[in-house]
1. Run through the DSSP bridge list for the chain and note the antiparallel percent, rounded to the nearest 5.
2. Could you work out the relative contact order of the chain? I mean the mean sequence separation of Cα pairs under 8 Å and 6+ apart, divided by the number of residues, in percent.
3. What whole number of Å gives the distance from the Cα centroid of region 273-332 to the Cα centroid of region 206-221?
4. Just to verify a number: FRET efficiency for A76 and F19, C-beta to C-beta distance, R0 = 51 Å, to 0.05?
5. Roughly how many nanometres apart are two label points built 7 Å out from the Cα toward the Cβ at R287 and N99?
6. Can you tell me the FRET efficiency between L6 and A335 if r is taken as the Cβ-Cβ distance and R0 is 35 Å, rounded to the nearest 0.05?
7. For the chain, what is the accessible area per residue in Å² when the probe is 1.4 Å?
8. Name the long-range amide H neighbours of S233: under 5 Å, sequence gap of 5 or more, or other chain; modelled H, no Pro or chain starts.
Amino acid sequence: MKYLHLVWAALFRRKLRTFLTLVSVITAFLLFGLLDAVRVGFDQAGQSANGATRLQTGAKLSFIQLLPMALGGRIAQVEGVKDTTYANWFGGAYQDPHNQVFSFAVAPNYLDVYPEMEVSAEARKAFAETKIGVLVGEGLAKRFGWKVGDQLPMQSTIFPDKSGSLNWTFKIVGLIHVSDTKSAGWFTQLMLLRWDYFDETTPYNQGQAGWYVTRVKDVNQADRVAKAIDTISANSDHETRTLTEQAATAAWMKQLADINLIVSSIMGAVFFTLLLLAGNTMMQAVRERTNEIAVLKTLGFSGQSVLAMVLAESMLLLLLGGCVGLGLASVVGPAVGAASGGTLNLPAAGPASWAIGVGLMLLFGIVVGTLPALNAMRLNITDALAGRA
């Protein structure tokens with residue numbers, strides 16, 4: 001700390017260059033914080049179901065495996081279960097395959113299990129009476145300019161009808177509203193169609209459910225209820241895995257991609273680029289101060305002292321930018337999670353993430369500062385002052 005003022009002055013000798021490098025470091029560690037939050041969110045999901053009001057039961061092996069309808073009645077008999085319903089993924093697109101719509105074929109009581117979705121009594125009645133009727137979220141309707149009464153041509157990305165066509169026609173009979181957009185905003189982007197119409201129209205379902213959703217009586221008993229549900233199908237050809245809704249989404253994603261590998265690959269590329277950039281900055285900074293370093297040595301500073309100051313400058317550069325980046329990630333992550341309506345779980349950086357981040361900052365500071373620090377330590381005073389270094 002004795003020479004901190006010298007290190008600080010050297011770091012900001014070229015303010016613009018230092019500022020641009022700091023922006024790069026901040027961006028790298030902001031990305032690190034967000035991606036680490038994604039990793040932590042996926043790893044934490046499913047550790048415990050207690051506290052969850054709803055549980056989702058799907059096939060244990062793969063989310064594309066269907067479950068028998070008889071399972072629903074047995075789940076309803078489990079002690080602690082308040083309500084149960086079921087749904088299938090439809091996978092629709094509107095006008096263009098790129099206009100994907102989150103669309104589910106749902107049981108008649110599906111809305112009862114999801115009180116967050118507010119649907120008028122008239123819309124519920126029309127949905128029950130109109131076989132091709134669908135309910136659409138108000139956000140989705142606004143996005144495509146839909147209104148109640150519109151005929152809605154959709155293209156399924158998975159399920160053809162009995163004639164082999166992927167083209168389906170629906171009628172919008174009501175809108176889905178959500179009061180709490182922070183925690184349930186994603187429901188406004190849903191389209192719900194009738195399960196019975198879906199089941200009788202496509203030959204690929206044959207009276208099966210994609211997953212079951214259960215509402216528990218006591219959130220503190222959710223773990224016990226989840227285990228009891230999975231016990232029903234143990235050692236059968238349709239073994240199940242019951243998780244919280246958030247954990248179920250994470251499990252689906254993990255079956256589609258190796259989240260940890262993706263995160264590690266992205267961060268590896270980002271940090272490699274950061275090492276090159278920060279290393280070049282430090283090399284230029286020391287090269288420009290050759291005469292100043294020679295003067296310091298003339299005044300009595302040892303080679304080891306010069307080495308330490310250059311390394312300290314490098315680590316200070318990484319620590320300043322890295323801490324700001326991680327701090328921003330701690331704010332941005334939860335904000336993004338809240339804006340997603342609870343779909344994404346991006347927790348603020350915890351002690352473990354900060355420990356890893358600070359460790360990386362110090363390590364990178366040493367790596368990028370070692371070579372210029374060694375050059376400064378070995379600098380010959382006579383050659384430097386004569387302009388030969």
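1. Close to 75 percent.
2. 28
3. 57
4. Efficiency, from the Cβ-Cβ distance: 0.25.
5. 5.6
6. 0.35
7. 50
8. T240
The values are calculated or read from the model by the stated rules, or taken from the named source; none is laboratory data. No experiment lies behind these values; they were computed from the predicted model shown. A quick note on method: Cβ atoms are made from the backbone with ideal geometry, for glycine too, and the neighbour counts reach across all protein chains shown. Remember, those area values only see protein heavy atoms, side chains included, never the ligands or the DNA or RNA. Shrake-Rupley method; radii C 1.70, N 1.55, O 1.52, S 1.80 Å.
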